[in-house]
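Step one of this worksheet: look at the structure below.
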Amino acid sequence: MHVCVMVCSDLQNKKGNILQASVDYIKRLKREQRAMSELVARQDELEKTNRLLTLDIQVKQQHTINNRWKSCCLSNSFVPMH
């Protein structure tokens, strides 16, 4: 009977250890999932900012081209030929 108590007690400890390890693993997975979600949200935010900045650069480049064209046209007065 003493052996049965020891085996049962050992089995309970193993089950407890397995259960604790499972709970710890699930907690770790949840933390990793939360961290991944935050990273994805940050990446989305950065990509949106990047798109807006790229658009802003393109608009400024177009304005620069237009201003140079106007400046060039104004400095080289157009004289119609008769």
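Rule-based calculations on the coordinates, nothing more; no lab input. Because the structure is a prediction, the values reported are computed rather than measured.
Quick notes on this one:
- Under the Karplus curve 6.51 cos²θ - 1.76 cosθ + 1.60, θ = phi - 60°, whole-Hz ³J(HN,Hα) for the range 66-74, x wherever Gly or Pro sits: 4, 5, 5, 5, 4, 4, 5, 5, 6
- Across the range 37-44, rounded Karplus estimates of 3J(HN,Hα) from the backbone phi angles (6.51 cos²θ - 1.76 cosθ + 1.60, θ = phi - 60°) give 4, 5, 5, 5, 4, 5, 5, 4 Hz, Gly and Pro being marked x.
- Under Karplus coefficients 6.51, -1.76 and 1.60, residue-wise ³J(HN,Hα) of the range 25-35 in Hz, glycine/proline x: 5, 5, 4, 5, 4, 5, 4, 5, 5, 4, 4
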